[in-house]
1. Considering each of Leu165, Leu151 in turn, give the residue that is aliphatic (A, V, I, L, M), out of contact with any strand residue (DSSP E or B) (no Cβ under 8 Å at 6 or more places or on another chain) and at pLDDT below 85.
2. Counting just the residues of segment 79-130 that are among the hydroxyl-bearing types (Ser, Thr, Tyr) and not in a strand (DSSP E or B), which one comes out nearest to Ser3 (Cα to Cα)?
3. Taking segment 36-77 as the search range and keeping residues that are in contact (Cβ under 8 Å) with a residue 24 or more places away in the chain, among the charged types (D, E, K, R) and part of a loop (DSSP other than H, G, I, E, B), which one is nearest to Val107 (Cα to Cα)?
4. How many residues are more than 20 Å from Thr188 (Cα to Cα) and among the β-branched types (Val, Ile, Thr) when one looks only at segment 6-49?
5. Within segment 11-34, can one find any residue that is at positive phi and either loosely packed, with under 14 Cβ neighbours inside 10 Å or not in a loop (DSSP other than H, G, I, E, B) (or both)?
Amino acid sequence: MESYPEHLLPTKDAAILGQEEIKNKKVARWHNPEKKGSIFDQDGNINADLIDYHRYPKFSINLIPPSKCHDLKILLLDKDLEDYWNPDDIVPNVENSDFKVVNKREVFEFKTNDITSAELPYLINKDTYILSIDIVHKPLMANYAHCEFKLIPSHPNASKELTDLTSKTAYHRLLISNLRKLMEKHCTRCKS
């Protein structure tokens, strides 16, 4: 088995990146085709219906670079390595027994600006509000490239409700529909 990629580990000089530093960069996400089938059709287009939307608002993605597409096929077996990293943390050694490579994973990518520049409408009590998405650098102990979506609703009382996108309310259905359209428009097979 090959060793864990050094470029994924935070270095002693590493810092948490700000919005400007990840602006207009590529990010990537993996999909398990064994659960719902391939996320790509025969022409290579993405089927956004297969993206796990219950993972929002903290949709986990990797910044490309430093990460590479094949890095998203790594499954960490030691869950402590998935803890959030802070600049004063000591980065542990990642042993071969701490991870495995899941080659069946499919990896798709998109540019941060294609997502963060979008405004997604949703309804609450027949009023239309806008949801925007930030992408925030949230490094892990064994994955400096790790980022997450941060959902920003314009409705002051919607934050708590938006954390449960498995809800069947009308505004959740509209929001998920708009997220799917956004992802279908901008996601492609990862080539980096």
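1. On inspection, the qualifying residue turns out to be Leu165.
2. Filtering segment 79-130 for residues that are among the hydroxyl-bearing types (Ser, Thr, Tyr) and not in a strand (DSSP E or B), the one nearest to Ser3 (Cα to Cα) comes out as Ser97.
3. Lys68
4. 2
5. Looking for residues that are at positive phi and either loosely packed, with under 14 Cβ neighbours inside 10 Å or not in a loop (DSSP other than H, G, I, E, B) (or both), one finds at least one in segment 11-34, hence yes.
Table: residues versus (1) loosely packed, with under 15 Cβ neighbours inside 10 Å; (2) within 19 Å of Leu8 (Cα to Cα); (3) out of contact with any Gly (no Cβ under 7 Å at 6 or more places or on another chain).
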| residue | (1), (2), (3) |
| --- | --- |
| Lys79 | yes, yes, yes |
| Asn86 | yes, yes, yes |
| Ile90 | yes, yes, yes |
| Phe108 | no, yes, yes |
| Ile124 | no, no, yes |
| Ile130 | yes, no, yes |
| His137 | no, yes, yes |
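The values are calculated or read from the model by the stated rules, or taken from the named source; none is laboratory data. Remember, predicted model here, so these are calculated numbers, not experimental data. Because the Cβ atoms are built from the backbone with ideal geometry, glycine has one as well, and the counts that use them run over all protein chains shown.
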